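In what follows, a structure is listed as C-alpha coordinates, so that the remarks can point back to it.
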Amino acid sequence: MADATTTEPLLSPTIDTDGAPFWEYAARGELRIQACTACDELRFPPRPCCPHCQSFGAKWQRMSGRGRIWSYVRPHPPLLPAYAAHAPYNAIIVELADAPRIRLVGNLVAAPDAPLDSVAPERLRIGAKVQVAFTDVGGIAMPRWLLERP
(Lines give C-alpha, C1' and ligand atoms only; values in the text may rest on other atoms or scores of the structure.)
Protein backbone atom coordinates (compact mmCIF):
# COMPACT_ATOMS: atom_id res chain seq x y z
CA MET A 1 0.00 0.00 0.00
CA ALA A 2 1.35 3.45 -0.93
CA ASP A 3 2.15 6.00 1.77
CA ALA A 4 -0.72 8.52 2.02
CA THR A 5 1.72 11.45 2.08
CA THR A 6 2.92 10.60 -1.42
CA THR A 7 -0.49 10.02 -2.98
CA GLU A 8 -2.65 12.72 -1.42
CA PRO A 9 -2.11 16.26 -2.73
CA LEU A 10 -2.18 19.34 -0.55
CA LEU A 11 -5.56 21.05 -0.45
CA SER A 12 -6.23 23.48 -3.26
CA PRO A 13 -8.54 26.50 -3.21
CA THR A 14 -12.12 26.34 -4.40
CA ILE A 15 -12.28 28.84 -7.22
CA ASP A 16 -15.71 30.43 -7.53
CA THR A 17 -17.01 33.12 -9.89
CA ASP A 18 -16.27 35.98 -7.49
CA GLY A 19 -12.72 34.85 -6.73
CA ALA A 20 -11.69 33.59 -10.19
CA PRO A 21 -10.00 36.89 -11.20
CA PHE A 22 -7.77 36.71 -8.08
CA TRP A 23 -6.39 33.37 -9.31
CA GLU A 24 -6.14 34.53 -12.95
CA TYR A 25 -3.98 37.49 -11.87
CA ALA A 26 -1.95 35.22 -9.57
CA ALA A 27 -1.17 33.03 -12.60
CA ARG A 28 0.38 36.15 -14.16
CA GLY A 29 2.41 36.84 -10.99
CA GLU A 30 0.19 39.72 -9.89
CA LEU A 31 -1.44 40.22 -6.51
CA ARG A 32 -4.74 42.00 -7.06
CA ILE A 33 -7.55 42.68 -4.62
CA GLN A 34 -11.18 43.35 -5.48
CA ALA A 35 -12.23 46.99 -5.10
CA CYS A 36 -15.61 48.68 -5.33
CA THR A 37 -16.06 50.91 -8.39
CA ALA A 38 -18.49 53.15 -6.47
CA CYS A 39 -16.62 53.85 -3.22
CA ASP A 40 -13.11 52.47 -3.99
CA GLU A 41 -13.07 50.33 -0.80
CA LEU A 42 -11.04 47.14 -1.09
CA ARG A 43 -12.65 43.85 -0.13
CA PHE A 44 -11.32 40.39 0.52
CA PRO A 45 -12.46 37.71 0.21
CA PRO A 46 -14.03 38.65 -3.12
CA ARG A 47 -17.81 38.92 -3.19
CA PRO A 48 -20.45 40.35 -5.51
CA CYS A 49 -21.62 43.23 -3.30
CA CYS A 50 -19.59 45.91 -1.53
CA PRO A 51 -20.08 45.64 2.26
CA HIS A 52 -19.52 49.42 2.58
CA CYS A 53 -21.94 50.90 0.01
CA GLN A 54 -23.78 47.84 -1.34
CA SER A 55 -22.69 48.52 -4.93
CA PHE A 56 -22.30 45.54 -7.27
CA GLY A 57 -19.55 47.26 -9.28
CA ALA A 58 -16.05 45.80 -8.90
CA LYS A 59 -12.56 46.15 -10.31
CA TRP A 60 -9.29 44.40 -9.45
CA GLN A 61 -6.64 46.71 -8.03
CA ARG A 62 -2.98 45.76 -8.26
CA MET A 63 -1.16 45.60 -4.93
CA SER A 64 2.56 46.02 -4.29
CA GLY A 65 2.76 42.49 -2.88
CA ARG A 66 4.45 43.78 0.26
CA GLY A 67 3.14 43.26 3.75
CA ARG A 68 3.98 42.23 7.29
CA ILE A 69 3.30 39.14 9.33
CA TRP A 70 0.21 39.92 11.38
CA SER A 71 -0.01 36.49 13.02
CA TYR A 72 1.22 32.93 12.55
CA VAL A 73 0.86 29.34 13.73
CA ARG A 74 3.00 26.23 13.43
CA PRO A 75 0.66 23.26 12.94
CA HIS A 76 1.81 19.97 14.43
CA PRO A 77 0.39 16.46 13.99
CA PRO A 78 -2.22 15.13 13.98
CA LEU A 79 -2.75 16.68 10.57
CA LEU A 80 -4.17 15.60 7.24
CA PRO A 81 -1.72 13.01 5.87
CA ALA A 82 -0.51 15.23 3.00
CA TYR A 83 0.43 17.96 5.51
CA ALA A 84 1.94 15.69 8.16
CA ALA A 85 4.99 15.13 5.93
CA HIS A 86 5.70 18.88 6.01
CA ALA A 87 5.21 19.43 9.75
CA PRO A 88 6.11 21.41 11.56
CA TYR A 89 5.57 24.17 8.99
CA ASN A 90 4.13 27.66 9.32
CA ALA A 91 0.88 29.28 8.29
CA ILE A 92 0.97 33.06 8.40
CA ILE A 93 -1.53 35.89 8.13
CA VAL A 94 -0.14 38.82 6.14
CA GLU A 95 -1.44 42.36 6.49
CA LEU A 96 -0.92 44.07 3.12
CA ALA A 97 1.24 47.21 3.22
CA ASP A 98 -0.98 49.14 0.81
CA ALA A 99 -4.26 47.82 2.28
CA PRO A 100 -3.84 47.27 6.04
CA ARG A 101 -7.42 46.06 6.50
CA ILE A 102 -6.81 43.25 3.99
CA ARG A 103 -5.14 40.13 5.36
CA LEU A 104 -4.16 37.05 3.39
CA VAL A 105 -3.23 33.60 4.65
CA GLY A 106 -0.24 31.70 3.29
CA ASN A 107 3.12 30.20 4.12
CA LEU A 108 6.47 31.85 4.76
CA VAL A 109 9.05 30.04 2.63
CA ALA A 110 12.75 30.49 1.79
CA ALA A 111 12.06 30.61 -1.98
CA PRO A 112 8.86 30.42 -4.07
CA ASP A 113 9.24 26.67 -4.75
CA ALA A 114 10.76 25.80 -1.37
CA PRO A 115 9.07 23.30 0.94
CA LEU A 116 6.57 24.55 3.51
CA ASP A 117 9.08 23.86 6.30
CA SER A 118 11.95 25.79 4.65
CA VAL A 119 12.01 28.70 7.12
CA ALA A 120 13.37 28.02 10.60
CA PRO A 121 10.76 28.62 13.33
CA GLU A 122 12.95 31.21 15.07
CA ARG A 123 12.71 33.40 11.93
CA LEU A 124 8.94 33.82 12.39
CA ARG A 125 8.19 37.18 13.95
CA ILE A 126 5.05 39.28 14.15
CA GLY A 127 5.69 42.47 12.16
CA ALA A 128 8.37 40.95 9.90
CA LYS A 129 8.21 42.45 6.41
CA VAL A 130 7.36 40.03 3.62
CA GLN A 131 6.94 40.02 -0.15
CA VAL A 132 4.56 37.82 -2.14
CA ALA A 133 5.86 35.21 -4.56
CA PHE A 134 3.84 32.75 -6.60
CA THR A 135 4.45 29.07 -7.21
CA ASP A 136 2.53 26.44 -9.13
CA VAL A 137 0.78 23.92 -6.90
CA GLY A 138 -1.35 21.47 -8.85
CA GLY A 139 -1.88 23.92 -11.73
CA ILE A 140 -2.80 26.87 -9.48
CA ALA A 141 -0.47 29.82 -8.85
CA MET A 142 -0.40 29.92 -5.05
CA PRO A 143 0.74 33.03 -3.23
CA ARG A 144 3.54 32.36 -0.77
CA TRP A 145 5.55 34.82 1.24
CA LEU A 146 9.28 35.58 1.42
CA LEU A 147 11.03 37.63 4.10
CA GLU A 148 12.17 40.99 2.71
CA ARG A 149 15.41 40.56 4.67
CA PRO A 150 16.39 36.89 4.34
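The values are calculated or read from the model by the stated rules, or taken from the named source; none is laboratory data. Remember, it's a predicted structure, so these values are computed and weren't measured experimentally. Please note: Cβ atoms are built from the backbone with ideal geometry, for glycine as well, and neighbour counts cover all protein chains shown. Ligands, DNA and RNA are stripped out before the accessible areas are found, and what is left, the full protein with its side chains, is counted by its heavy atoms. Shrake-Rupley method; radii C 1.70, N 1.55, O 1.52, S 1.80 Å.
Some notes on this structure:
- Surface composition of the stretch 15-62: carbon plus sulfur atoms hold 48% of the accessible area, using a 1.4 angstrom probe and ignoring ligands, DNA and RNA.
- In order along the stretch 57-64, the Karplus-derived 3J(HN,Hα) couplings, from 6.51 cos²θ - 1.76 cosθ + 1.60 at θ = phi - 60°, round to x, 9, 9, 10, 8, 6, 9, 5 Hz, and Gly and Pro are given as x.
- Contact order relative to length of the stretch 15-62, as percent, for alpha carbon pairs under 8 angstrom and 6 or more apart: 36
- For the stretch 47-54, putting each phi into the Karplus relation 6.51 cos²θ - 1.76 cosθ + 1.60 with θ = phi - 60° gives couplings of 7, x, 10, 5, x, 8, 10, 6 Hz, in residue order, rounded to whole numbers and with x for Gly and Pro.
- Residue order for E30, E41, E24 - accessible surface, 1.4 angstrom probe, largest first: E24, E41, E30
- Expressed in Å, the radius of gyration and Dmax of the Cα atoms of the chain are 16.5, 57.
- Å² per residue, accessible surface of the stretch 43-90 at 1.4 Å: 58
- Estimated inter-spin distance, A97 and D18, nm [label 7 Å along Cα→Cβ]: 2.9
- For the peptides 137-143, 8-14, 108-114, the ranking by mean Cβ contacts within 10 Å, running from highest to lowest, is 108-114, 137-143, 8-14.
- Applying a 4.7 Å Cβ-Cβ cutoff to the chain, the cysteines left without a disulfide-compatible partner are C49.
- Residue-averaged [θ]222 nm for the chain, counting only DSSP H segments that reach four residues, each worth -39500 (n - 2.57): -2000 deg cm²/dmol
- Estimated Rh, the stretch 15-62: Kirkwood, alpha-carbon pairs, angstrom: 10.6
- Whole-Hz Karplus values for the stretch 72-79 come out as 7, 9, 10, x, 10, x, x, 9 Hz, taken residue by residue from phi with 6.51 cos²θ - 1.76 cosθ + 1.60 and θ = phi - 60°; glycine and proline positions read x.
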